[in-house]
Structures are given as C-alpha cells and as structure tokens.
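S.K.: Here it is: the structure, laid out below.
The values are calculated or read from the model by the stated rules, or taken from the named source; none is laboratory data. Because the structure is predicted, anything quoted here is derived from the model rather than measured. Every residue, glycine among them, receives a Cβ derived from its backbone with ideal geometry; neighbour counts consider all protein chains shown. Side chains included, ligands, DNA and RNA excluded: accessible areas come from the protein's heavy atoms. Shrake-Rupley method; radii C 1.70, N 1.55, O 1.52, S 1.80 Å.
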Amino acid sequence: MELYALDDEVSRHEAALPALAGADRLPTLEILAWYLRQRDSARAIALADEASALLHNTPADTRNLRVTARLELVRAEIAVLQCRFDEARARLARADAAFTAIDDPIGLGDSALVVHLLHLSCGIAVGAHQNAEQARDHYSRGHDALRRRIAETWILLMLAYRDVRAAERALDTWDGEASPGPDDGTGSGSYAQEHPAVAAVLLSARAVVHRARNQWAQALLCAARARQRAEAAGLVRHAIAIADNASWYLQELGDLDAAAEWMDREYVAARATGWPSVLAFSITRLGDLLRQLGQLERSREVLQEAIALYDLFPAGTNKGVTHRVLGKTLLALGLPDEALAAFEIAIGIFRTEQYHERLSTALIGAAQTLSLAGRAEEALERIEDARVAATAHGVEAAEIDLCRALAEIHRRHALAPPAGMREPTATVHYLEKALAIGATVDDWQAPVDLLMELSTAWEAAGYTVRGLNYLKQAVAAERREGHRKAANRTLVLQIRHETETARVEALHSEKLVRAETERADALETALMKLSDAQAELERRRAEFERLSLLDPLTGVGNRRHFAERAAAEIARARRDGTRLGVVMIDIDHFKQTNDRFGHGAGDRVLQRVVEIAHAILRPSDFIARLGGDEFVLLIPGAPLEDLHHLAERVREAIADASIEINAPGGMEGLDVTASFGVASLRPGDDAIEPIVVRADAALYGAKREGRNRVVGERSRVEPAACPNGTPASAR
C-alpha cells in the first residue's frame, strides 16, 4: 500500500470491492479507506467502520494489528482535517503503540506524517518540519524509497518557509540529481518524471522561493502545476492551499480579475470540504483580495470570520498570516490602534514559528502603522528589525518594501537623514534605493505607483525636470502594465490549457467529453446557487475520471489505462525486485464473426471473453483492451512458466465455452478460440513497449502455427485441437 495513490489505482480497488464478500473484503476496505482519506473523508470513515467490524472477532495477530493501526491512522488524519485534535492525538497514540509492537517502520512513518499534517494545519512550521524528519527516518529503516522521497519534499517545503536561501540550494541539488527535464523558466523542469505527490510539494517549494525573489509569474506557474499534481495524488488539502496561493500571486501581478476568478473556484472547493483549516486559509486570501479591490469593510468582516475559525487552533503561521492581512485592512480603514494590535499578534506568531518571510512584512506593516500614529522612533525600530530578518534569511522581496516604508516615514516625520545620503531628501533617497534594488531582480519592472512617488518626491525637493522624467516613466509603465496584464492572461491561459489538456486526454469518447462539459456547466451553475451541491458534483467528476480509463464495451482498462498501469508495475517490479509478465490475446477469426452475424454478436464475444478471463485472473492481475479484438494482460510476480500456465488456462476456458449470440435465426451457441503471446520483463527493459513487442511477436507466431495456442519468448504450450475441428484461416 502506497502513501498516496493515483486515481486509476483507487478506481481499480473501487471496481473490485462489490464482487467481494465477508472477510475477503477486508484488504480492499483497508486500502480504499486509506486512499480516500482526503478524496472522500465520509466514505473513508464508512469503509474503515466496515473493516473494523470484520476485525472484531478475528485473532490479534500481526496482520490484524497492522490493519487496525492503519484504520486508526485514517480516522486520525480525518480528525485533524476536521480540527478534532484531541481525538486525533489519541488515535495516533494507539496507532503508534501498535506499529511499535509489531516493529512496523512504514506505519510509524505514516503516523509521523499525520502529525506533520496536524502541525501544518495549525501553521506550526517547526513541529511540521520535525515530524517530516521523523517520517523520513522511519521510511529509511523500512527501505521505502518513494515514501522517504515524499517525506524529504515536505522537509524541503518547511525549510523554504524558514530559510529561502537554504531551500533554493537544496532544490538545485535535488534538480541536479533528479534531472527533472528542460527548464521552463520556473527552475523546476515541471518534475514530470517524479511521482505526482513528490512533484506537488517540490513545485510548492519552488513557488515559495520564487515569491521571495519577487518572481511572481514563475511562482504562479509552479503553484498551478503543484495543484494539478496534488489533485492527481489525492492531496486534496494541499491542492486547495496551493491554489489559494496562486490567487495571491495573481494579485501581486496586478491581475485582480484573474485572481478573483481563481479565488472564487477555490473558495467553493474549500467550503465543500468542511475542513476549518482549509476554509480559514481560503477566507484569508479572499479578505486580502477584497482589500485590494477596495471593499475594506467586507474585507474586515471576512478576515474576522477567518480569525474566529482559527480560534479552533493553537497559534501557528496561518493564524499569523490572517492577523497580518487584517492589520493591512485596518490600516487602510484609518484604524491605526486596531491595525497595530493585529500586526503585533502576527509578529509574535512569526517569531515563534521562525517564519522569516512573513515576519519581515508584518514588521513593515507595524512600522507603517506606528508612523501613521506619530510614533516615528518606534517605527524605525520596527524597520530595523524587519531589515535584520530579511537580510539574515534572504527575503529579497522585503527589501523593496523596506525602502518604500522608510521613504514614507521620512516624508511624514522630520528625521535625521541617513548617513552618506547624496539625494536632496531622505524620501527621494529611499525611493531611489527601492528602484535600484528592484533593478537587480530578474524580470522586475518598476510599478507605476513607485514611479509616481519618485516624481512627486523630486518635484517636492525642487527638481522639476527629474520629477517630469519620472512622470514620463510612470506613463510608459502604465502602458507596459497593460501589456503585462496581457502576458499574465497568457500565462493563466497556458495554465488552463495544461489543465484542460490533461482532462481531455483522460476522456476517450465524445460521450464522455459531452458529459464532462455538462458537469462543468452544472458546477458553474451550482457555484452561484449553493455550495453544498459541490459534494455531488465532485462525485460525478471522480466517476468520469474512472470511466475515462475504461473500455466502454467490456469495462476493462483501455490503452491509456494500460500504459499508466504498466509504467507503475514496471517501477514496482524494479523497486521490489519482482517479476512482471505480459500476455497478448487475439480472438481467432473475429472478422468472420462480425461479417456473418453482425457487430452485435462480435460485441457479445468480446464481452464474454473478458468475463472468462476475469474468472481466472487474480485481483492483482490487470486486463486491458488495446482495440478491436486484441487484449493484453499484465501479470505481476509471475515467472515465465507460470505465465504460460495462466495463459493456457484462459485459452482452454475460452475454447470450452459456447458463447450465445443473437443470430438471424435466433439464439445460437458460437465456438470461439483465441491465440496468446507471452513475454516477461527483462533486466534491460525500462518501458513496457519492448515487452509488448516480444509478446506480440509470440502472438503472431501462435497465429502462424495454427491459432488457438500459447506461444512464448522461449517455448510454447501446445493446445488440444480446435473444438469444432475447423482448420485455421487468416487473422
């Protein structure tokens, strides 16, 4: 059982569950409860309850203790998401005790990551970092490379919040070792070769680094891609949180319309989860957007709602972020005393959690508030604190804001000029310094308001020509702003294109495309009416995703599903040192059946062949229809000889069956045979294609030798004669 599963893996277990009964359901119930813990928490609890009932009268052996502990983890993680922290801690203690008793390092690592999530939900970055490190150490002892890699990405993300420079070095080292692919300007190469859970967190860390460097477009692209990867891996909480951050990046890029559109979608998604931590974070982003849109009273109301939700939590950085944003809104409303109180709460939280990026901005906000209240010396002390924090931890984005805040303080108060000043006034000095710092940042362009402040400051100092020059630059910048917004729109369209392309590729027929469009339209309508419609719409989306991986006639996997499953099985075989076999199946004389009895009869033959194969295959085996009358089996863990025996059993069962079809003269029994080609994974195979080629060559060998037989790479199993005694003819 993996830490995070992709949608096709979940769909496979969902499809298998209805056919199971009694104690046979237990393994699948456990797996589904674990994989659905964030995708569908209510269903995960129901499955866990059913599994616990089955365990009630079973002996307390190692296997059952492990399952019981895993179910406790499911309930603990859901309790964390729903802010029932005491319950979560109690369940985690029971799970840890069981995993310790049976010496299960993987279970202990998974438990540590649930505690990591608890701290992350509360915004306790230090605790989250420590628990991710504990998880990594447990996974190392358990020799689970993928889990260890996932834990390391969470450690890296926590580091990015505390020390941007160190995180950037770690990311660069990771990229150099992993060869993530061609760079697209984000510094990430999109991490296309990584597991989606790994890629989601790495891209999130990249986004934090980019925003600390004032590289908002790159941060946006990383965040959007992180959301896609997180959704694919079932990391629903992280997907919503990073998408909320993407809305913030659009605000910083000056595209409030796109930010509002993005925020609307994610706000509804957050409401649908019912998870207070996710909802409070999303509401905070909404309050910040409302402030920038000039809706100050509404912003204050929304942020106070978020703070009320955060009363369910201890402190934590997220609570600090909300108070910092509230401080900015209160300052804009002309309420300096209330604003200062909000900033001070944020500063205290950020100091405790060592969240240096936000600490700098909160200190700057407090300085601006103190200046407005006439407390200039205290404002300068706060500015110095912010400068020290920003410089020590590489928060370059704060340096420009520091200079602009100092310019504002000197403009408002008669203070001693800074040492070595060459400009006519301190206001001009600090504004020019802000401009100079910005010029060192890649892709940075001076904002219109900074250029206007420079124009005003130079003119107030008696330098009319310099003031006019900056005014001209401001006019030019305003024109560029239009182009920049167009470029941002292009970037948003690129992100949408990537998202839609992934979705369209998942749809295999016009029927599903139409259904997906109808779902999207229904979702848009429901968003304007009721947020509680989201739960049903999400269920429908998951069903469409499941159907997109299946052949609509036979219900088995389609070519895309086969490719994804094959890649996963090859990776698993390489990791675990196990075998993997491929069996190609082709129905003999299928065209003659269609020509003689019609396509309806042919369809029935295909369906019946699948039913026969399913009755013989194990739950871990996989069958897909590649097209026409051609099928493929993926058989994990079987040596070549066992593959031959399995293929022979399926061949005999097909040959012995009489398939009833609706012929022109009424119902008629039709004898059908099939030919089989067998191949297995070799040491040099790094993809499924060479194995399929060998199995297909063996299949053609079976056709040449008379059909209705199994042929492999090195040997073959001879069948009995065809049931109807007819000679073989062309395929």
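S.K.: Taking 56 Å as R0, compute the FRET efficiency from the Cβ-Cβ separation of GLU689 and LEU468 and round it to 0.05.
M.R.: Taking R0 as 56 Å, the efficiency between GLU689 and LEU468 is 0.25.
S.K.: Something else about it: Given 0.36 nm per residue, what is the gain on full extension from ARG575 to ARG596 after removing their alpha carbon distance, in nm?
M.R.: Extending this stretch completely gives an extra 2.7 nm.
S.K.: Further question on the same structure: What is the range 309-360's relative contact order, in percent, from Cα pairs under 8 angstrom and six or more apart in sequence?
M.R.: Answer for the range 309-360 is 39 percent.
S.K.: Check ASN214: other-chain or 5+ apart residues with amide H under 5 Å from its amide H, H built from backbone geometry?
M.R.: Long-range HN contacts for ASN214: ALA397.
S.K.: Based on DSSP H runs of at least 4 residues, each adding -39500 (n - 2.57), what is the mean residue ellipticity at 222 nm of the chain after dividing by all its residues, to the nearest 500 deg cm²/dmol?
M.R.: -23500 deg cm²/dmol
S.K.: Which aspartates and glutamates, on any chain, are close to LYS433 with Cα under 17 Å apart, when same-chain ones fewer than 8 places away are left out?
M.R.: In chain and number order, the partners are GLU384, GLU396, GLU399, ASP401, GLU408, GLU423, ASP442, ASP449, GLU453.
S.K.: Which aspartates and glutamates have a Cα less than 15 Å from the Cα of LYS591, not counting those fewer than 8 places away in the same chain?
M.R.: ASP603, ASP629, GLU630, ASP671
S.K.: I've got another one for you. Rounded to the nearest 0.05, what FRET efficiency is calculated for ASP603 and ARG479 with R0 set to 60 Å and r the Cβ-Cβ distance?
M.R.: Calculated transfer efficiency: 0.45.
S.K.: Roughly how big is the chain's charge dipole about its Cα centre, with Cβ charges of +1 (Lys, Arg) and -1 (Asp, Glu), in debye to the nearest 20?
M.R.: The dipole of the chain has a size of about 360 debye.
S.K.: Once you place label points 7 Å from the Cα toward the Cβ at SER140 and VAL441, how far apart are they in nm?
M.R.: 3.7 nm
S.K.: Under a point spin-label approximation (7 Å from Cα along Cα-to-Cβ), what is the ARG412-GLU50 distance to one decimal in nm?
M.R.: 6.2 nm
S.K.: Right, another one. Pop out the carbon and sulfur fraction of the accessible area of the chain as a percent, whole number, probe 1.4 Å.
M.R.: After summing per-atom areas, the C and S share lands at 52 percent.
S.K.: Restricting the count to DSSP beta bridges whose residues both fall in the chain, what percent are antiparallel, rounded to a multiple of 5?
M.R.: 90 percent
S.K.: Now for a different question. Compute the relative contact order of the range 48-191 as a whole-number percentage, counting only Cα pairs closer than 8 Å that sit 6 or more residues apart in sequence.
M.R.: Once normalised by length, the contact order is 14 percent.
S.K.: To the nearest 10 square angstrom, how much accessible area does TYR700 have with a 1.4 angstrom probe?
M.R.: That residue has around 110 Å² of solvent-accessible surface.
S.K.: Relative to the Cα centre, what is the charge dipole magnitude of the range 1-92, using +1 at the beta carbon of each Lys and Arg, -1 at the beta carbon of each Asp and Glu, and rounding to the nearest 20 debye?
M.R.: Magnitude of the dipole: close to 240 debye.
S.K.: Report the Cα centroid-to-centroid distance between the range 16-81 and the range 674-717 in angstrom, as an integer.
M.R.: Spelled out, the Cα-based centre of one part sits 39 Å from the other.
S.K.: Using the beta-carbon distance between LEU17 and ALA460 and R0 = 51 Å, what value does 1/(1 + (r/R0)^6) give for FRET efficiency, to the nearest 0.05?
M.R.: With R0 = 51 Å, the Cβ-Cβ based efficiency is 0.10.
S.K.: Once you have the alpha carbon radius of gyration of the chain, what is it after dividing by 2.2 N^0.38 Å, with N set to its residue count?
M.R.: That works out to 1.15 for the chain.
S.K.: So what is the relative contact order of the chain, in percent, for Cα pairs below 8 Å that sit 6 or more residues apart?
M.R.: Computed over the chain, the figure is 7 percent.
S.K.: Moving on to the next point. Treat each spin label as a single point 7 Å out from the Cα along the C-beta direction, and report the GLU381 to THR58 distance in nm.
M.R.: Output for this residue pair reads 6.4 nm.
S.K.: Which cross-chain or sequence-distant (5 or more) residues have an amide H under 5 Å from the amide H of ARG84, H modelled 1.01 Å from N in plane?
M.R.: none
S.K.: Keeping all protein chains in place, calculate the accessible area per residue for the range 331-425 (probe 1.4 angstrom), answer in Å².
M.R.: 44 Å²
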